[in-house]
Each structure stands twice: as structure tokens, then as C-alpha cells.
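Participant: Dumping the structure here so I can ask a few things about it.
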Amino acid sequence: MSEPSIVPAGDCALRVVFEDKIDPSINQLVNSLDKKMTEVSIPGVTETIPAFRVLTVLYDPEITDLITLTKTIRQLLSHHDNLESREKRVVHIPVCYDKAFGADLEDLSRHSGLSIEDIIAVHSGRDYLIYMMGFLPGFAYLGGLDPSLHMPRLDTPRTSIEAGAVGIAGSQTGMYPMASPGGWRLIGSTPMKLFDPKRDTPFLYETGDYIRFEPVSREDYDQIKADCREGIYKCQVTMEVVERGHSGNQ
Amino acid sequence: MGIRVTSRGMQTTVQDKGRTGFQRYGFSVSGAMDQIAFKLEALIEEHPNHRRSAHLMRLIEAIREEGVYGEESHGVADEILEEEFETLYAEMAVELGLEEPETDGEEEPETDTNEDVDDGE
């Protein structure tokens, strides 16, 4: 694998750019460097932002500079990881695929040729790697949607989508952490508050984690929603082994 | 001399340094657009803990309305401003501070900037 390039991004940031590919193993390199940088706590570094294949490093130019940081990052990159025995963190997200929430389920059924039951089974039948977060607080860019469920965005986006909505756009699936306009095809909704500034952990997941959608009935949806409001619902998180040579459902 | 903010809302806001450390979660930094100007204000004020300033996107209108340069030079200032700048924004240090209502972060803060912002004289 070729060495990533390190390029300036203004006078307060640099970008570590890996191979131009959406791929779990490339994304893993971004996350691995991100973790190392957090662990060693480099003077002057104020923030790191992992994305699909780029780690952006923000720094205070009064404390450090591009050349010093580039050297430090090259050193960190030279320590190879053992990628084969890592565990993955799986965050379980209950989703109700009721038609009340899945306004586009029937369109998706026509488009894919699958029954609604099959759509639910396929969508909830695999784990999705969080490649990055952005757009809205808590919005996760998920990879690994089964090709049978790929469907273009709506021609005309909706002006408002409820918080918790689960949708599909092109080859991606995702959840809306807050009400927002959007053009994704809606297939369900999660009762969980994906972003809650008042909670001890405002965000339930982060880049590098996996999302597992778990179908729930409308009744369960309402109950979980009430429990979330009371602050008594516990988000289920499990640590699972990633099999060798299989870092995602790509 | 004082400046009356005549147009509040999206183009006249109270800004701080922003919040860093959450961009990885999709949370933008926000805060003052011109961080250098923001720091300069702190130096001018000799106020190391300077945290907030008025962020004016429509300074031209504010100056025009109130005639900061005085009535006589008002027309001149108008002309210069129109010729020299397509748009003009400014960070403004406020010696007496800006009053903001307390919010718990949930509701839209009703920051009232539609009042005299006095330089203390």
C-alpha cells in the first residue's frame, strides 16, 4: 500500500490523505492513525477529524507547525498495526419498518423487486461500518448496503424529515439524528435519540463502529421511545471479533 | 459615539470562539468567522478572557443609519464604502459586554442585539 500524502489545509490544519477508495481497510488506516494521535497527545494538535480516506488534523500554529507535525505523523504511520485480531464495536439500533415511517417502502419494493419483508430482512441482516460522521451532529455515513437495495435519492427532497428516520440514498443507508430536509428514501424509524446533548454520552457511536439495525414492532417502538424519554433505555453495545480478512460487509 | 444595530437576525449575531473537538461527530465549530480579528479585539480590550463579540454582516447599513462619521462626512463615508466594498463584515469588541438571556441550549436564544451598543462614553 502506498504511503499517504500529507498536505496543508490552510494555516491551522493538515490532511493525511490515503488511497482514493471507499474501502473498510483504507478507512481502518485513517481510524488507526486517529487513535494513535489521540493516545500520544501531540502538543499543539487541537482536533482530528476522520473521514472516508482522510484524517484532517487541526493545530495551533503558535505551538506547532506543518513540518514538525508531518515528521511526527510519519513516525506514527511507520508503526504497523496488527489488523487481523481486532474487535469491532457493534451498536444495536432498533428500527420500526412500519409503513407509517417507511413512506418509500413500496417504491423501494417496486424498484428492487423484493417484498417489503425481504427488504427488511436484507436491510437488517448485516452490520454497517461507520466510515465517518458529518452533515448533522450524529449523522453517520454507513457503508455496506446490499446492492439489491440501492436506489437513487428522491427527485424532489422532502422539506422536513422527522428525527430518527432511516433511509436509503444510492448505495448508502443512514439515520437522521434530527429533523432536517432530505432526499433519502424513507424505510423506517428508530425510537432512539441518536444525538442528545443532555445525555452523558451525547453520541451513541463514532467512526469505526458498526451499526446493526434490529427490527421492532410499532408497540416496541412506542415503548422504547417512552423509555428513552424517561432516560431508562440502555443502548445495546457489543464487542465482536472481526474475522481475518473480513473487516466489513463489502 | 455609539453604533445602533439597525438590522438584527442572521446577519448581526453575538459570537464566541466556537466549540472545538466535536467536528468528528458532525458538529461544526461555529463562532466568529474571523478568528484573527477576534483575537485582536481581545488585545485591544486588554481582556485576556475575551469571549464574545458582536459579529456584524451589515456594518455599512449600521454606519449609514447612525452616521458614525458625523452628519457632514456621512455622504463621503457612504461613497467610500460603496465603492470599496462589495460586502463588509466586522467583529466588534464591546467594552461593556453584551447582554444575552440565559438558555439551556434547547430553545432558540432570543439574543436582543437591537439596542444601542455603546462604546462606554
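The values are calculated or read from the model by the stated rules, or taken from the named source; none is laboratory data. Since the model is a prediction, treat every value here as computed from it, not as a measurement. Positions of Cβ are generated from backbone atoms using ideal geometry, with glycine treated the same way; all protein chains shown enter the neighbour counts.
Participant: Being surrounded by 13 or more Cβ atoms within 10 Å (Cβ to Cβ) and of a type in the set (G, A, S) is the filter here; which residues of the range A:149-170 pass it?
Facilitator: A:A163, A:G164, A:A165, A:G167, A:A169
Participant: From the residues in the range A:5-19 that are modelled with pLDDT of 95 or more and in a loop (DSSP other than H, G, I, E, B), which one is farthest from B:F27 (Cα to Cα)?
Facilitator: The qualifying residue farthest from B:F27 (Cα to Cα) is A:E19.
Participant: What number goes with the only condition from (1) in contact (Cβ under 8 Å) with a residue 12 or more places away in the chain; (2) away from chain B (no Cβ under 14 Å) that A:E106 does not pass?
Facilitator: Here A:E106 clears every test but (1).
Participant: Could you tell me which residue of the range A:132-160 is farthest from the other protein chains (Cβ to nearest Cβ), considering only residues that are of a type in the set (S, T, Y) and within 28 Å of A:G113 (Cβ to Cβ)?
Facilitator: Applying the filter and picking the extreme gives A:S148.
Participant: While we're on this one: Please find, among A:S109, A:S124, A:S115, the residue that is modelled with pLDDT of 95 or more and under 20 Å from the mean Cα position of the chain (by Cα).
Facilitator: Residue meeting the stated conditions: A:S124.
Listed here are the residues, each with its yes/no results for (1) without any contact (Cβ under 8 Å) to a residue 24 or more places away in the chain; (2) crowded, with 19+ Cβ neighbours inside 10 Å; (3) of a type in the set (G, A, S); (4) within 11 Å of chain B (Cβ to nearest Cβ).
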site: A:F18; (1), (2), (3), (4): no, yes, no, no
site: A:I22; (1), (2), (3), (4): no, no, no, no
site: A:S25; (1), (2), (3), (4): no, no, yes, no
site: A:L33; (1), (2), (3), (4): no, yes, no, no
site: A:T48; (1), (2), (3), (4): yes, yes, no, yes
site: A:L55; (1), (2), (3), (4): no, yes, no, yes
site: A:E62; (1), (2), (3), (4): yes, no, no, yes
